[in-house]
Amino acid sequence: MTNAIQLHTLLADLHDVADPDQALQRVVDTAVALIDCDASATALLRDHKHIQQAAFTDDLAKRAALLQLELNGGPCLTAMREGGTIRIDNTLTDDRWPSWCAAVAEFGVRSSISVSLVSGDPRSLGSLFVYSRQVNAFDAEDTAAVQILARHATIAVRRNRKQANMTRAIDTRTVIGQAEGIVMTMYDITADQAFAVLTRYSQASNRKLRDIAAEVVRARTLPADVARSAI
Amino acid sequence: MLSQTYIGRAPAEFARVQQLTASAVDAFGVDGAALTIIGATGGRLLVHATDALSFELDELQFTLGEGPCIDAKDTGSPILVDAMAGPEAQARWPGFARDAVILDVGAEFAFPLLSVGIPFAVLQTYRHDAGELSRNQLAAGRDLLETSKDLILDELAQHLSPEVAHGPLGVNDRTEIHQASGMVAVQLGIPIDDALARIRAAAYSGHVPVSAFARDVLAGQYVFREPAT
């Protein structure tokens, strides 16, 4: 555990990172600097099954965190679903998540702290995870430090994501408007009809609308097969 | 014509932005204020303007691709233009500064709103009379921006999700300009950026606001024929 000044310095840094992926990486790096642990991982989920964004300080932390999605159970998932913090002092004896504990014990993970992390998107959930190869590695002070970090991470990630989404939304609106103009001109249809064509193309190809629009703008036309089925 | 474009459209979804622009007029002692978001690849949304001239100044900067608002976004620093008619402003933004003076703008002050160190929006204000902001005005205005920027970011982000990319937004979302660019790109067989440049240039030389001109292009009332010269 560190003192208050070090804590302040580490946490203040979190809020100055503009890039969302770098910001998340900074969170896990900070966790490792903050308390005596072997590694840290964090993941933000789009829903209960899919990862939106994640960062790790080593591969084992990544495996330990992501394995919970495969098993549909583990301390991070419980922490993010119910909110709060879960400490495991010994994976060899803990009986709350038997499959996960057995699997990570095999890799050498003995103790862990999992804290829920909220990204701001109401549907998304996240968590911050640290582990140690020692049993009984973490005390109440370590737990409190990870909780404080998670609170700061929540704020930093939320602001960061908001800003990134907002800027992207402006540019997405631009490229979709341009693609609408192209489709409107080619087929002599209205803007709403052109938007519907692009939306159908997006759904049929299972690709994001903005990627579809960017492709149409680059090519200045709809692909021939799409034109046949979507118009 | 411009006032009709924006009056009567005071979107309730941007209540905090409206409040901020109104408060900024008082704090800075200016005649008008507007809040603009500029995207990474040239998208530009005018979220709210307190008056027709603020609207027009924003449109002019978009049309010309130059002006204090764009510089405030690019540098992340306030751009304070005490004398729009002065040699410095006229040299820095030859097109914009000349037209702003014609529109009776004596001074313009543009402030970027920063979050995580990068600008997410710009508050632009103008005054008919030239002259510096007083120390008190500058302090009061910056205080206002500092205390409201997080709430503003919240409100903007709430209505600007990447999933909602169709339909009107703010007071000038320039959808028709983007659509007209797509149309001209097809008609002339040129890249989209070139098409936008043609539209901007034609609107500017015809002394028509580029949004209004784009509507004419979409309606087929103005057709680009000859290749770019």
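Since every read-out is calculated from the coordinates, none of them should be taken as a lab result. It should be emphasised that the depicted structure is a prediction, and the values quoted were computed from it without experimental measurement. Please note: Cβ atoms are built from the backbone with ideal geometry, for glycine as well, and neighbour counts cover all protein chains shown.
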Can you give the Rg/Rh ratio of the stretch A:106-231, where Rg is from the C-alpha atoms and Rh is the Kirkwood radius? 1.28
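Length gain on complete extension for the stretch B:Leu80 to B:His159, per 0.36 nm per residue less the alpha carbon to alpha carbon distance?
Working: separation 79, 0.36 × 79 = 28.44 nm, distance 2.97 nm.
Once the chain is fully extended between B:Leu80 and B:His159, it gains 25.5 nm.
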Name the residues whose placed amide hydrogens come within less than 5 Å of the amide hydrogen of B:Asp31, ignoring near sequence neighbours (fewer than 5 apart) on the same chain. B:Tyr126, B:Arg127, B:His128
To the nearest 20 debye, the stretch A:12-91 has a Cα-centred charge dipole, built from +1 on Lys and Arg Cβ and -1 on Asp and Glu Cβ, of 380 debye
Determine, for each peptide in B:213-222, A:71-80, the mean count of other beta carbons within 10 angstrom over its residues, then list the peptides with the highest first. A:71-80, B:213-222
With the label point 7 Å along the Cα-to-beta-carbon line of A:Asp225 and a cut-off under 11 Å to each amide N, the hits in the stretch A:178-205 are A:205
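To the nearest 20 debye, what charge dipole does the stretch A:158-229 have about its Cα centre, counting +1 at the Cβ of each Lys and Arg and -1 at the Cβ of each Asp and Glu? Mind showing how you got there, number by number?
On the way: 13 positive and 7 negative charges, 132 e Å.
Charge dipole, the stretch A:158-229, about its Cα centre: 640 debye, nearest 20.
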Would you tell me the mean number of C-beta atoms belonging to other protein chains that fall within 10 Å of each C-beta in B:190-197, as a whole number? 3
Amide N proximity, the stretch A:25-39 versus A:Gln134 label position 7 Å along Cα-to-Cβ, cut-off under 16 Å: A:32-39
With viscosity set to 1.567 mPa s and temperature to 4 °C, compute the Stokes-Einstein D of the protein assembly as shown, Rh being the Kirkwood radius across alpha carbon pairs; µm²/s, no decimals. 53 µm²/s
Positive-end extreme of charge dipole, chain A - chosen from A:Tyr131, A:Ser114, A:Ala54 (charges on Cβ): A:Ala54
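Taking the Cβ of B:Val217 as the center, what net charge do the other residues with Cβ under 14 Å away carry, scoring Lys and Arg +1 and Asp and Glu -1? Present the calculation step by step, with values, prior to reporting the outcome.
On the way: positive: B:Arg174, B:Arg198, B:Arg200, B:Arg215, B:Arg225; negative: A:Glu180, B:Glu176, B:Asp216.
So the surrounding residues net to +2.
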Using per-residue counts of other Cβ atoms within 10 Å, averaged over each peptide, order A:173-179, B:80-86, B:49-55 from highest down. A:173-179, B:49-55, B:80-86
Selection from A:Leu44, B:Leu188, B:Gln137 lying farthest towards where the dipole of the protein assembly as shown points positive, charges on Cβ: B:Leu188
For chain B, the charge dipole (Cβ of Lys, Arg +1; Cβ of Asp, Glu -1; about the Cα centre) points to a positive end, and the Cα of B:Val217, B:Leu35, B:Gln18 closest to that extreme belongs to B:Val217
Tell me whether chain A comes out rounded, prolate or oblate; compute the Cα gyration tensor, take square roots of the eigenvalues as a ≥ b ≥ c, and use a/c under 1.5 as the rounded threshold. prolate
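Assuming R0 = 45 Å, can you tell me the calculated FRET efficiency for the pair A:Ala33 and B:Ala15, based on Cβ-Cβ distance, to the nearest 0.05?
The pair A:Ala33/B:Ala15 has a calculated efficiency of 0.60.
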Mean other chain Cβ within 10 Å across B:179-189 is 6
Quick check: pseudo-label points 7 Å beyond the Cα along Cα→Cβ at B:Arg92 and B:Ala130, how many nm apart are they? 1.4 nm
For the stretch B:174-229, what is the charge dipole size about the Cα centre, in debye to the nearest 20, if Lys and Arg each add +1 at the Cβ and Asp and Glu each add -1 at the Cβ? 80 debye
Across peptide A:185-196, what mean number of C-beta atoms from other chains lies inside 10 Å of a residue's C-beta? 2
Chain A, relative contact order [Cα under 8 Å, separation at least 6], %: 18 percent
Any lysines whose Cα falls less than 20 Å from that of B:Lys73, other than same-chain ones fewer than 8 residues away, would be A:Lys162, B:Lys149
Place the peptides B:139-152, B:166-179, A:192-205 in order of packing, highest mean first, counting for every residue the other Cβ atoms within 10 Å and averaging per peptide. B:166-179, A:192-205, B:139-152
